[in-house]
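Quick one: structure below, then a few questions.
The values are calculated or read from the model by the stated rules, or taken from the named source; none is laboratory data. The structure presented is a predicted model; accordingly, all values stated were derived computationally and were not measured. All Cβ positions, even for glycine, are placed from backbone atoms using ideal geometry, and neighbour counts span all protein chains on display. For the accessible areas, the whole protein counts, side chains as well, though only heavy atoms, and no ligand, DNA or RNA atoms are used. Shrake-Rupley method; radii C 1.70, N 1.55, O 1.52, S 1.80 Å.
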Amino acid sequence: MKRKTSLDPLLATIKRVKQLGKGPMDTPNPFLFCVYHKDMYPAGDKNLGVPGKRGNGMDFDPSAPFRMYHGEKIPGFPQHPHRGFETITATIEGIIDHTDSLGNAGRYGHGDLQWMTAGAGIVHGENFPLINEDRPNPLRFFQIWLNLPKVSKMVQPDFVMHWARDVKRWEDKENNAKCTIWAGSYQDIKACKPTKDSYANGKQNEVGIYFVCLKSEGYFELPKCDGGAEINRTVYIIEGGEAKVNGKQIQKHSSMFPTMIETDGNGVLSLEALTGDVEFLILQGRPIKEPVVQHGPFVMSTSAEIMQAFEDYQKTQFGGWPWDQDAVVFPRSKGRFAKSNGVETFPNE
């Protein structure tokens with residue numbers, strides 16, 4: 001790959017640079033939410049929890065080495081509902097246990113990718129069992145919420161798991177660059193297929209989710225989008241220090257929080273690591289030009305639809321919770337698996 005310079009007229013314009021703080025990242029339409037989880041959990045106790053630790057139900061302290069989140073004995077997020085959008089859970093290291101109101105389940109991590117369309121309504125739980133008893137249990141992953149257009153908000157819920165071996169990756173050793181393609185395509189490499197009603201299925205929507213890792217002095221570029229300036233594109237410096245984005249030198253000022261660089265698809269996106277290794281997340285897509293009304297776990301187009309979502313959940317529990325606990329984890333001995341429509345699959349199949 002030929003390196004470009006900051007004078008290259010094909011580089012997209014940087015619209016804004018922002019050092020982010022506590023809480024979810026600012027995200028471009030059609031995305032709603034993005035959180036980078038980085039928790040350095042210790043060795044687990046006999047019940048897969050944190051030894052001597054009990055959560056208070058609201059543990060989100062970014063300065064701590066790890067968080068319990070809404071978990072009490074085991075960190076994570078016990079059962080909770082969603083309607084009107086889809087979630088992408090992209091893992092880097094560590095283990096997550098999934099259960100939902102459809103009876104689907106899974107244990108996944110270490111590079112696996114889960115895509116879930118909440119659609120008309122689903123209840124799910126995401127808990128973080130500390131599998132290792134004799135060594136730490138580091139956990140790193142992104143959870144990303146992608147909106148659905150009004151016409152798709154009440155589709156049937158859906159769930160798909162892509163094992164790490166199938167997740168698409170690209171590497172350029174000459175330029176010290178690696179890219180994991182969680183959505184979209186790069187260099188004729190197409191990401192694994194999302195759920196059937198996903199907004200990412202529309203080619204014209206140009207949804208892309210890329211995780212780029214550069215060694216020191218590494219370089220990467222992403223071509224302009226077919227839709228040009230109509231496509232939103234935002235870059236986040238997740239880990240590492242000094243970098244260049246489209247020729248502009250940018251210093252990540254916080255070790256705890258990402259730095260956001262807002263651009264668009266009307267030109268090439270170039271990334272360069274100046275001092276040390278740098279990790280970037282890229283979110284891109286065509287905005288959904290419809291009203292967005294969000295109340296907690298429900299994302300609809302009108303306030304009346306939000307009220308209806310609460311009423312439906314109170315009446316139906318979106319199918320009910322078929323599990324015996326709110327925070328379900330599987331036995332320590334159970335390996336990675338996915339259960340969908342009553343059928344279990346495994347990463348070694």
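Starting from segment 199-216, keep only residues that are on the phi > 0 side of the Ramachandran plot, then list their pairs with residues that are in a loop (DSSP other than H, G, I, E, B) and among the β-branched types (Val, Ile, Thr) whose Cβ atoms are within a distance under 7 Å, requiring at least 6 positions of separation or different chains.
Glu206/Ile231
Return the pairs, sorted by first residue and then second, in which the second residue is of a type in the set (S, T, N, Q) and part of a loop (DSSP other than H, G, I, E, B), the first residue lies in segment 292-314 and is closer than 15 Å to Asn147 by Cβ, the beta carbons are less than 7 Å apart, and the residues are 6+ apart or on different chains.
That search, which allows pairs on different chains as well, returns Val293/Ser301; Val293/Thr302.
Quick check: anything in segment 275-288 without any contact (Cβ under 8 Å) to a residue 24 or more places away in the chain, surrounded by fewer than 17 Cβ atoms within 10 Å (Cβ to Cβ) and either in contact with a Gly (Cβ under 8 Å, 6 or more places away or on another chain) or more than 30 Å from Arg54 (Cβ to Cβ) (or both)?
no
Same structure, new question: Can you name the condition, by its number, that Asn132 falls short on among (1) closer than 16 Å to Pro331 by Cβ; (2) open to solvent by less than 10 Å² (accessible area, probe 1.4 Å)?
The one condition Asn132 does not meet is (2).
Among residues belonging to segment 36-77 that are more than 30 Å from Val235 (Cβ to Cβ) and free of Cβ contacts under 8 Å to residues at least 12 places away in the same chain, point out the one that is surrounded by the fewest Cβ atoms within 10 Å (Cβ to Cβ).
This residue is Gly52.
Being closer than 25 Å to Lys289 by Cα, open to solvent by less than 20 Å² (accessible area, probe 1.4 Å) and of a type in the set (Val, Ile, Thr), is that true of even one residue in segment 144-159?
yes
What residue, of Pro291, Pro347, is part of a loop (DSSP other than H, G, I, E, B), out of contact with any helix residue (DSSP H, G or I) (no Cβ under 6 Å at 6 or more places or on another chain) and open to solvent by 40 Å² or more (accessible area, probe 1.4 Å)?
Testing whether each residue is part of a loop (DSSP other than H, G, I, E, B), out of contact with any helix residue (DSSP H, G or I) (no Cβ under 6 Å at 6 or more places or on another chain) and open to solvent by 40 Å² or more (accessible area, probe 1.4 Å) leaves just Pro291.
When you scan segment 85-123, how many residues do you find that are within 16 Å of the chain's Cα centre (by Cα) and either under 17 Å from Ser198 (Cβ atoms) or of a type in the set (S, T, N, Q) (or both)? Steps first, please.
Taking segment 85-123 and keeping what is within 16 Å of the chain's Cα centre (by Cα), we get 85-98, 108-118.
Next, from what is left, pick out any that are either under 17 Å from Ser198 (Cβ atoms) or of a type in the set (S, T, N, Q) (or both): 85-91, 113-118.
Here the count works out to 13.
Suppose the filter is within 28 Å of Asp97 (Cβ to Cβ), in a loop (DSSP other than H, G, I, E, B), of a type outside the set (Gly, Ala, Ser) and out of contact with any helix residue (DSSP H, G or I) (no Cβ under 6 Å at 6 or more places or on another chain); does Gln156 pass it?
So Gln156 fits the description; yes.
Looking only at segment 268-288, count every residue that is under 23 Å from Asn201 (Cα atoms) and either in contact with a helix residue (DSSP H, G or I) (Cβ under 9 Å, 6 or more places away or on another chain) or not aliphatic (A, V, I, L, M) (or both) and tell me the total.
Residues that pass the stated criteria total 5.
Right, here's the next one. Restricting the search to segment 242-257, which residues are part of a loop (DSSP other than H, G, I, E, B), more than 22 Å from the chain's Cα centre (by Cα) and either more than 17 Å from Ile282 (Cα to Cα) or among the basic types (Lys, Arg) (or both)? Before the answer, list the steps.
Initially, segment 242-257 is screened for residues part of a loop (DSSP other than H, G, I, E, B), giving 246-247, 252-257.
Next, only the ones that are more than 22 Å from the chain's Cα centre (by Cα) stay: 246-247, 253.
Listed by number, the list holds a single entry, His253.
On to the next question. Which residues, counting only those in segment 216-241, are assigned to a loop (DSSP other than H, G, I, E, B), surrounded by fewer than 16 Cβ atoms within 10 Å (Cβ to Cβ) and either touching a Cys at 6+ places or on another chain (Cβ under 7 Å) or small (Gly, Ala, Ser) (or both)?
If the condition is that a residue be assigned to a loop (DSSP other than H, G, I, E, B), surrounded by fewer than 16 Cβ atoms within 10 Å (Cβ to Cβ) and either touching a Cys at 6+ places or on another chain (Cβ under 7 Å) or small (Gly, Ala, Ser) (or both), then Ser216 is the only one that fits.
Based on what the data block shows, is Thr180 of a type outside the set (Lys, Arg), in contact with a Phe, Trp or Tyr (Cβ under 9 Å, 6 or more places away or on another chain), under 16 Å from Ala90 (Cβ atoms) and part of a loop (DSSP other than H, G, I, E, B)? Give the derivation first.
On the way: of a type outside the set (Lys, Arg): yes; in contact with a Phe, Trp or Tyr (Cβ under 9 Å, 6 or more places away or on another chain): yes; under 16 Å from Ala90 (Cβ atoms): yes; part of a loop (DSSP other than H, G, I, E, B): no.
Spelling it out, it is not the case that Thr180 is of a type outside the set (Lys, Arg), in contact with a Phe, Trp or Tyr (Cβ under 9 Å, 6 or more places away or on another chain), under 16 Å from Ala90 (Cβ atoms) and part of a loop (DSSP other than H, G, I, E, B).
Just a yes or no: is a residue in segment 308-323 in a loop (DSSP other than H, G, I, E, B), of a type in the set (Val, Ile, Thr) and either closer than 25 Å to Ala43 by Cβ or open to solvent by 70 Å² or more (accessible area, probe 1.4 Å) (or both)?
no
Answer yes or no as to whether Lys173 is surrounded by fewer than 22 Cβ atoms within 10 Å (Cβ to Cβ), in contact (Cβ under 8 Å) with a residue 40 or more places away in the chain and more than 21 Å from the chain's Cα centre (by Cα).
no
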